[in-house]
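The values are calculated or read from the model by the stated rules, or taken from the named source; none is laboratory data. The structure presented is a predicted model; accordingly, all values stated were derived computationally and were not measured. Every residue, glycine among them, receives a Cβ derived from its backbone with ideal geometry; neighbour counts consider all protein chains shown. With ligands, DNA and RNA removed, areas are computed over all heavy atoms of the protein, side chains included. Shrake-Rupley method; radii C 1.70, N 1.55, O 1.52, S 1.80 Å.
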Amino acid sequence: MTNPDMFDYPDLNSARIRDEKINTLMTAATGAATLLAVVSVVAFLGFIVLLGGAWLAEEQALSATVGQQHSSNFELLLFGGRELASSGGVLPAIVGTVVLTLLMAVIVAPLGIVVALYLTEYSGGGWPTQLLRIGVQNLAAIPSIIYGVFGLAFFVYVIGGRIDELFYASNLPTPTFGTPGLLWASLTLALLTLPTVIVATEEGLLRIPSSLREGSRALGATRVETIFRVVLPAAAPSILTGIILAVARAAGEVAPLMLVGVVRYAPTLPVSIEAPFLQLEQKFMHLGFYVYDLTMHAPGSEGRVGIVAAASLLLVSVIVSLNIVALLLRVRLRRTYVQSGV
Amino acid sequence: MDHREALIAASNNRANLNYVAPGIEVQGLSLTYPDEPNALIDINLSIPGGEVTAVIGPSGCGKSTLLRCFNRMNDMLEGCQYSGSITLGDLNILDPMTDVTLLRRRVGMVFQQPNPFPMSIYDNVAYGPRIGGLRRRRDLDEVVENALRLAALWDEVKGQLGKNATVLSLGQQQRLVIARAIAVQPEVLLMDEPASSLDPISTLRIEELIYELKQSYTIVIVTHNMQQAARVSDRTAFLNQGQVVEYDATDKIFTNPSQRATEDYITGRYG
Ligand SMILES: Nc1ncnc2c1ncn2[C@@H]1O[C@H](COP(=O)(O)OP(=O)(O)OP(=O)(O)O)[C@@H](O)[C@H]1O
Ligand SMILES: [Mg+2]
């Protein structure tokens, strides 16, 4: 026996056709957007790689005209020369960028982890916690130059000034810490990237099921033991992701640094092979600022695009290298954590 | 007494044929959650040492809650309040002065869902002993192997103790968390549906394990499986809506219960 109602659904068919149309449209739209994104990234990378690489490969583009003794543009960029606005070359700028970023990471990581631990494991989760959480998230939206202003006003003048009064009074009125320098720049960047680390760590901690915490406590572990032996190791990949994001952001910042420690030309590096190894109060050079400086002040419009692209290429390479190191660390950490014991 | 000595003392005790694990006395235990004021109402139970006691009852009747009182896991829950008294041997479990970390070394727990830590099999089992201060590799190796053997998991994992425990099958995970609990050599083992996610063969293994552990451990097991309760336990408590309806020898409960509600529940006529 046939029931006519069972087979007669004209609306269903048109709905299916409409769905297919929408589906095709969505595929096309998302595909086009992805293509656009890929093309822009490739174009951007191609621009700096091609122009920068070509300039680096060129024999003495600038030096020939000015009569310097550098044998290639690569050396010129590394070691500098009078024809470059920032004499001293890019090498000290690379060192400055790396030291600054690492110092920032060393400061921001424990701070961010501790705050995230407080938010997830200790605070009751009531409205003060929510308020703090929202505050932290909004901190990430403040323009970086504001951090620079704050760093200058608070770290340099207030804290640095105090340190000088207390420990370096004999040098006054010449400031030691009461002037922009490596430590203050690192602290400023740490503050800038703190929300990134907190949010990533917190997400990692919240993802850990409470059954793991209970399992640990049921074996006689205290809350602190549980945090150090189960919770933090399990969240380590998320924490490292946060630090990677922080490093990526910090290594690319220029604006706030101009206020708290970066200079166009620093006669000495902020690191040395003798104790104390780090000159925390020193001003230093930075790749980001170097690129800016070159763009604004390099002599002659001829070589400018090439050398700026070359310096940009270096900056991008340094940031990518820092990220690769962090990524390797993350892989390693995951492996040791999972396989320790045997 | 450091942990190693304690472990040795515990296993010596166990080696002694006359050793019997202590029992648990529950008197007037009531417990409230913020949104469940009658989670447990005036519970009185005398759980004999060295025997298996099954706790049965419909979902939400308070079985897990009762178990979690024995090792004070409810302390971790915000707003959970209890009164009454529970003693283990001469230890007053609910006394606020009782050190819960020490208590939990004497009262181990296997949770309703297997919860292996995301670390190696070895590290999972060694976790409790390490917390207790056991450091020497040789001691740890021995404890880990013994626990895994007891939990009937050793043969399956002996070549791959470094493997991440979370990739084990559910049945293996369940035995792993049992091994993890007994590696601490507790006197009491609380098992909250330890076979809920297991196939019949693994279930049988766990039941054999329970049988083997009996006497040197006091075991309290929550189960929804009536046959299992009848098979493994010496005594059975039937809980309903936070109250003990009937508590008696398992044979008696399953053949001749004195309460109508008990009979309805075990014969499947309940809800
Ligand atoms: N953390 C908690 N907060 C509030 N109420 C809870 C909490 N845990 C359990 N309850 C409530 O207490 C009662 C008993 O729960 P319990 O988990 O002990 O039941 P159960 O007998 O173990 O059930 P099941 O067989 O489903 O595991 C239930 O009404 C439950 O909703
Ligand atoms: Mg339960």
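Which pairs turn up if I take residues in the range B:185-200 that are within 19 Å of B:Ser46 (Cβ to Cβ) and look for partners that are more than 13 Å from ligand 2 (Cβ to nearest atom) and among the aromatic types (Phe, Trp, Tyr) with beta carbon separation below 8 Å, at least 6 apart in sequence or on another chain?
Within 8 Å, the pairs are B:Glu187/B:Tyr217; B:Val188/B:Phe70; B:Val188/B:Tyr217; B:Leu189/B:Tyr217; B:Leu190/B:Phe70.
Across the range A:124-135, what is the number of residues that are open to solvent by less than 70 Å² (accessible area, probe 1.4 Å) and either closer than 12 Å to A:Leu205 by Cβ or among the hydrophobic types (A, V, I, L, M, F, W, C) (or both)?
0
So is B:Tyr127 modelled with pLDDT of 95 or more and surrounded by 24 or more Cβ atoms within 10 Å (Cβ to Cβ) or not?
yes
Under the condition of being open to solvent by 10 Å² or more (accessible area, probe 1.4 Å) and away from ligand 1 (no atom under 16 Å from the Cβ), which residue from the range B:218-232 is nearest to the chain's Cα centre (by Cα)?
That would be B:Val232.
Starting from the range A:122-147, take each residue that is in contact (Cβ under 8 Å) with a residue 12 or more places away in the chain and list its partners that are outside any helix (DSSP H, G or I) and open to solvent by less than 80 Å² (accessible area, probe 1.4 Å), counting only C-beta distances under 6 angstrom and pairs at least six apart or across chains.
If the second residue must be outside any helix (DSSP H, G or I) and open to solvent by less than 80 Å² (accessible area, probe 1.4 Å), the pairs left are A:Ser144/A:Glu253; A:Ser144/A:Ala255; A:Ser144/A:Pro256; A:Ile145/A:Ala255; A:Ile145/A:Pro256; A:Tyr147/A:Pro256.
Report every pair of residues separated by at least 6 positions or lying on different chains whose Cβ atoms are under 7 Å apart, first residue within the range A:149-176 and free of Cβ contacts under 8 Å to residues at least 60 places away in the same chain, second of a type in the set (D, E, K, R) and open to solvent by less than 40 Å² (accessible area, probe 1.4 Å).
These pairs meet every condition: A:Leu172/A:Asp164; A:Pro175/A:Asp164.
Select, from A:Leu206, A:Leu192, A:Leu183, A:Leu172, the only residue that is more than 26 Å from the chain's Cα centre (by Cα) and either away from chain B (no Cβ under 14 Å) or β-branched (Val, Ile, Thr) (or both).
From the options A:Leu206, A:Leu192, A:Leu183, A:Leu172, the qualifying one is A:Leu172.
Just a yes or no: is a residue in the range A:219-227 surrounded by 20 or more Cβ atoms within 10 Å (Cβ to Cβ), out of contact with any Gly (no Cβ under 7 Å at 6 or more places or on another chain) and within 11 Å of chain B (Cβ to nearest Cβ)?
The answer is yes; a qualifying residue exists.
For the structure I just gave you, tell me whether B:Asn74 is touching a Lys or Arg at 6+ places or on another chain (Cβ under 6 Å), within 16 Å of ligand 2 (Cβ to nearest atom) and within 14 Å of chain A (Cβ to nearest Cβ).
Yes; evaluated as a whole, the condition is true for this residue.
Looking at (1) within 16 Å of ligand 1 (Cβ to nearest atom); (2) open to solvent by 20 Å² or more (accessible area, probe 1.4 Å); (3) touching a strand residue (DSSP E or B) at 6+ places or on another chain (Cβ under 9 Å), which one does B:Met76 not meet, given that it meets all the others?
The failed condition is (3).
Tell me which helices (runs of 4 or more DSSP H) are completely within the range B:92-187 and hold 2 or more residues being touching a helix residue (DSSP H, G or I) at 6+ places or on another chain (Cβ under 9 Å) and at the interface with chain A (Cβ under 10 Å from one of its Cβ atoms), or say none if there are none.
In the range B:92-187, B:100-106, B:121-131, B:137-150, B:170-182 are the helices (runs of 4 or more DSSP H) which contain 2 or more residues that are touching a helix residue (DSSP H, G or I) at 6+ places or on another chain (Cβ under 9 Å) and at the interface with chain A (Cβ under 10 Å from one of its Cβ atoms).
Considering each residue of the range A:136-151, count those that are surrounded by fewer than 14 Cβ atoms within 10 Å (Cβ to Cβ) and in a loop (DSSP other than H, G, I, E, B), and give that number.
3
All but one of (1) surrounded by fewer than 16 Cβ atoms within 10 Å (Cβ to Cβ); (2) more than 22 Å from B:Thr250 (Cα to Cα) hold for B:Ser59, so report the exception by its number.
Going through the list (1) surrounded by fewer than 16 Cβ atoms within 10 Å (Cβ to Cβ); (2) more than 22 Å from B:Thr250 (Cα to Cα), B:Ser59 breaks only (2).
Taking B:Leu94 as the residue in question, decide whether it is open to solvent by 10 Å² or more (accessible area, probe 1.4 Å), away from ligand 2 (no atom under 16 Å from the Cβ) and in contact with a Cys (Cβ under 8 Å, 6 or more places away or on another chain).
yes
Does B:Pro194 fit the bill of being away from ligand 2 (no atom under 16 Å from the Cβ) and part of a loop (DSSP other than H, G, I, E, B)?
no
Among the residues that make up the range A:275-294, is at least one of them open to solvent by less than 60 Å² (accessible area, probe 1.4 Å) and more than 24 Å from A:Leu183 (Cα to Cα)?
yes
Say whether the condition of being touching a strand residue (DSSP E or B) at 6+ places or on another chain (Cβ under 6 Å) and among the aliphatic types (A, V, I, L, M) is met by at least one residue in the range B:80-89.
Within the range B:80-89, one or more residues are touching a strand residue (DSSP E or B) at 6+ places or on another chain (Cβ under 6 Å) and among the aliphatic types (A, V, I, L, M).
Among the residues of the range B:33-44, are any on the phi < 0 side of the Ramachandran plot, more than 14 Å from every other protein chain (Cβ to nearest Cβ) and under 16 Å from the mean Cα position of the chain (by Cα)?
No, the range B:33-44 contains no residue that is on the phi < 0 side of the Ramachandran plot, more than 14 Å from every other protein chain (Cβ to nearest Cβ) and under 16 Å from the mean Cα position of the chain (by Cα).
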